[in-house]
Amino acid sequence: MGANIVVGGFWGDEGKGLVSAWQAYKDHALGVFRGCGGSNPEHGLFFGEQYLKTNQLPLGFILGQALIGLGPGTAVDVNKFLKEVNRFSIPPEKVRIDPLCPIITPENIQEEIGSTNMNAIGSTKSGTGIAMAHAALRIAPLARDIDALQPYLSDIPQLANDLAEQGTISLEATQGTFLSRYHGEYPNVTSVDVTAPSVIAGVGLNWRQVENVIVCVKALPTREGTGPMGAVDEFTLEEMQVLGIVEYSSIIDPRTGQREVRRKAKGIDYSLLKRIIMLNGANQIALTFAEHYDPEVRDVRLWSGLTARVKQLIAEIEKRTGVEVTLVNTGKQWTSMVSKFNDLPMVSDDLVKRLQSYC
């Protein structure tokens, strides 16, 4: 019984949604909760060529159909919320919102779209930042004020703590640790803190219920926009193209109308990784995008199938940090996940059919 928290390392885009989905599925989580951010993160998984994503909801529910909870630290875009609830056919009793969640209004979104500052930092312009600012000024509407949300309202702190007494729950963070407004490179940060302590507070979970904090770390960390990436070299675009490891952002460059290419480091800055672990209290690491580090590991699903090169990287991470790597993501597809303990559930026909229904 208790809670597992999945958080992002470095600058985001680490596949934390996929990790959260498998972790919750493996643990038979009774609920998956979010406690920070708004509709700005993009958590998704690839089912064949289809990309199943959420912006407002945590993705951790998708494999095991756990109850979903949005804690009072989460800003809610009503239209995005209802769209995702409808897309994934989630009944009201399976998705709950705290009455004190601040609301992202259409005016908030338009203000960010027209903001020079928001464009300068590469914001997704979801309206989350303005909504959080209005909440701090006590002028934001709350979920309890919105007619369309009335069927979904619950006391999320009470619900999360009750479920954690009965079994396992999951908390899913948003964005990478160094995009935190507290711990990132201001002003190139998001509007809130995204580390484990703030996720706990934003859900209202008693911290004594926390069992594990799993930080997701890209084998080759990436970053969007400007800013340092630690004491490591970066790939050039040409090098990434030759290796087939180019990643594209969800952010559109207003100058070109094209998706931006993510910058990619040639390795991990371990001093930064140790700080990430310290800030989050992480006791487990999920290593993601391992196939970008070694293509030979692509789509492996057993720990014994990991290549010598990837195992050497895992050993180095564990030696430098003192934290165990327990999960490894080995490819683009949703099934490309490996557990050190080989305890991931089998993929059933019913699960495949359900995922197909979302496409």
| Residues in region 226-238: is at least one surrounded by 24 or more Cβ atoms within 10 Å (Cβ to Cβ) and in a helix (DSSP H, G or I)? | no
| Matching residues in region 294-352 - criterion: being more than 18 Å from Leu63 (Cα to Cα), out of contact with any strand residue (DSSP E or B) (no Cβ under 9 Å at 6 or more places or on another chain), part of a loop (DSSP other than H, G, I, E, B) and aliphatic (A, V, I, L, M) | none
| Can you pull out the residues in region 168-205 that are without any contact (Cβ under 8 Å) to a residue 24 or more places away in the chain and of a type in the set (Phe, Trp, Tyr)? | Tyr182, Tyr186
| request: Output the residue which, of all residues in region 21-54 that are of a type in the set (Gly, Ala, Ser) and under 11 Å from the mean Cα position of the chain (by Cα), is nearest to Asn212 (Cα to Cα). | output: Ala21
| Within the set of pairs 6 or more residues apart or between chains, which connect a residue that is at positive phi inside region 342-354 to a residue that is surrounded by 10 or more Cβ atoms within 10 Å (Cβ to Cβ) and outside any loop (DSSP other than H, G, I, E, B) with Cβ atoms less than 7 Å apart? | Asn342/Trp303
| request: Kindly list the number of the only condition in (1) in contact with a Ser or Thr (Cβ under 8 Å, 6 or more places away or on another chain); (2) charged (D, E, K, R); (3) surrounded by fewer than 22 Cβ atoms within 10 Å (Cβ to Cβ); (4) under 20 Å from Thr128 (Cα atoms) that fails for Glu172. | output: (3)
| Taking into account only those residues within region 44-84 that are outside any strand (DSSP E or B) and among the charged types (D, E, K, R), which is surrounded by the fewest Cβ atoms within 10 Å (Cβ to Cβ)? | Glu49
| In region 22-79, what residues are of a type in the set (S, T, N, Q) and out of contact with any His (no Cβ under 9 Å at 6 or more places or on another chain)? | Gln23, Ser39, Asn40, Gln50, Gln56, Gln65, Thr74, Asn79
| remark: Matching residues in region 116-128 (surrounded by 15 or more Cβ atoms within 10 Å (Cβ to Cβ) and either modelled with pLDDT of 90 or more or farther than 22 Å from Phe178 by Cβ (or both)) number 2
| message | For region 83-128, give me the residue count where each residue is among the small types (Gly, Ala, Ser) and in contact with a Gly (Cβ under 8 Å, 6 or more places away or on another chain). | response | 4
| said: Which pairs turn up if I take residues in region 137-157 that are exposed (fewer than 14 other Cβ atoms within 10 Å of the Cβ) and look for partners that are in a helix (DSSP H, G or I) and of a type outside the set (Val, Ile, Thr) with beta carbon separation below 7 Å, at least 6 apart in sequence or on another chain? | reply: Ala148/Leu82; Pro151/Pro92
| Got at least one residue in region 21-31 being closer than 23 Å to Ser249 by Cα and either of a type in the set (Phe, Trp, Tyr) or crowded, with 18+ Cβ neighbours inside 10 Å (or both)? | yes
| query | What is the residue count in region 1-32 for residues that are touching an Asp or Glu at 6+ places or on another chain (Cβ under 7 Å), outside any strand (DSSP E or B) and more than 25 Å from His292 (Cβ to Cβ)? | reply | 1
| message | For region 93-112: of the residues being touching a Ser or Thr at 6+ places or on another chain (Cβ under 9 Å) and of a type in the set (Val, Ile, Thr), which is nearest to Asn79 (Cα to Cα)? | response | Ile104
| said: What's the number of the only condition in (1) free of Cβ contacts under 8 Å to residues at least 12 places away in the same chain; (2) at positive phi that Gly230 fails to meet? | reply: (1)
| query | Could you count how many residues in region 204-251 are closer than 25 Å to Thr307 by Cβ and within 16 Å of the chain's Cα centre (by Cα)? | reply | 7
| remark: In region 263-276, residues that are buried (at least 22 other Cβ atoms within 10 Å of the Cβ) and either in contact (Cβ under 8 Å) with a residue 60 or more places away in the chain or more than 24 Å from Thr124 (Cβ to Cβ) (or both) total 3
| request: Within region 208-220, identify whether any single residue is in a strand (DSSP E or B) and small (Gly, Ala, Ser), and answer yes or no. | output: no
| Filtered residue count, region 300-333, keeping only those that are under 21 Å from the mean Cα position of the chain (by Cα) and over 18 Å from Ile214 (Cβ atoms) | 3
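The values are calculated or read from the model by the stated rules, or taken from the named source; none is laboratory data. On a predicted model such as this, the values are computed, not experimentally measured, just so you know. So basically every Cβ, Gly included, is an ideal-geometry build from the backbone, and we count neighbours across all protein chains shown.
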